[in-house]
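S.K.: First the structure, which I've put down as structure tokens, then a few questions once you've had a look.
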């Protein structure tokens, strides 16, 4: 089991994206490894160690908060419309001469703040794909939802995060006050 | 068989699928072909890619955080 510790930085990144503060994330990592250790006899190496740890981490997170029902009952969203939302943000950024807005922000802290504002169903999918590096099908398998739902929730998460980041940049005076953004 | 036609509306709708490589090879190639000749769509892709790359390069803890956490996890496993 010690060899699974090489994935600890990945599991930690994933836990940070799920939990809302550093202490909760570290507790989540510890509980993930503890459960993995206890179920090591049932682990199949061909399933992929990293994905196995992420799945445990996600289950620990959701069960601890008894949020499974809320997760399943998330509103459906239109993936194509969410992609179009990102393009609309880009068009406005070009028009306002701040297309490099992400480079002007202190991106890490701003992203953590924006992620905390996402509804959980969207944050979890974002965490699996964009932080955990899973493909859509892997995330769908881990969450027990269709690939199309992963796709639409991911695109919603990305669009909302970008809106929040632009909103923060506007509040900080980094981009003009007429920039789009804010709570969708 | 000729490559499927792609226009700007297609690229806008499939922006994230293309960046994630979540489409079949013919479609990936068709969109790549459109991007070679369309500066507007290239700008949309660059904006979205910049966001994704910054996301993927952040949220990394330093060793000062990870080493105590490794020790804590090992201690918990030993005590299990």
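The values are calculated or read from the model by the stated rules, or taken from the named source; none is laboratory data. Small disclaimer: the values here were computed from a predicted structure and weren't measured. A quick note on method: Cβ atoms are made from the backbone with ideal geometry, for glycine too, and the neighbour counts reach across all protein chains shown.
S.K.: How many residues does the stretch A:114-148 contain that are under 23 Å from residue A:8 (Cβ atoms) and not in a helix (DSSP H, G or I)?
M.R.: Residues that pass the stated criteria total 4.
S.K.: Could you go through the stretch B:39-57 and let me know if any residue there is surrounded by 19 or more Cβ atoms within 10 Å (Cβ to Cβ), out of contact with any strand residue (DSSP E or B) (no Cβ under 9 Å at 6 or more places or on another chain) and more than 25 Å from residue A:134 (Cβ to Cβ).
M.R.: Scanning the stretch B:39-57 turns up at least one residue that is surrounded by 19 or more Cβ atoms within 10 Å (Cβ to Cβ), out of contact with any strand residue (DSSP E or B) (no Cβ under 9 Å at 6 or more places or on another chain) and more than 25 Å from residue A:134 (Cβ to Cβ).
S.K.: For residues that are crowded, with 16+ Cβ neighbours inside 10 Å and not in a helix (DSSP H, G or I), scanning just the stretch B:59-80, find the one that is modelled with the highest pLDDT.
M.R.: Selected residue: B:59.
S.K.: Going residue by residue through the stretch A:116-127, is there one that turns out to be under 21 Å from residue B:53 (Cα atoms), without any contact (Cβ under 8 Å) to a residue 40 or more places away in the chain and crowded, with 22+ Cβ neighbours inside 10 Å?
M.R.: Yes, the conditions are met somewhere in the stretch A:116-127.
S.K.: Which of the residues that make up the stretch A:37-51 are in contact with a helix residue (DSSP H, G or I) (Cβ under 8 Å, 6 or more places away or on another chain), more than 9 Å from every other protein chain (Cβ to nearest Cβ) and part of a helix (DSSP H, G or I)?
M.R.: A:49, A:50, A:51 - these are the residues of the stretch A:37-51 that are in contact with a helix residue (DSSP H, G or I) (Cβ under 8 Å, 6 or more places away or on another chain), more than 9 Å from every other protein chain (Cβ to nearest Cβ) and part of a helix (DSSP H, G or I).
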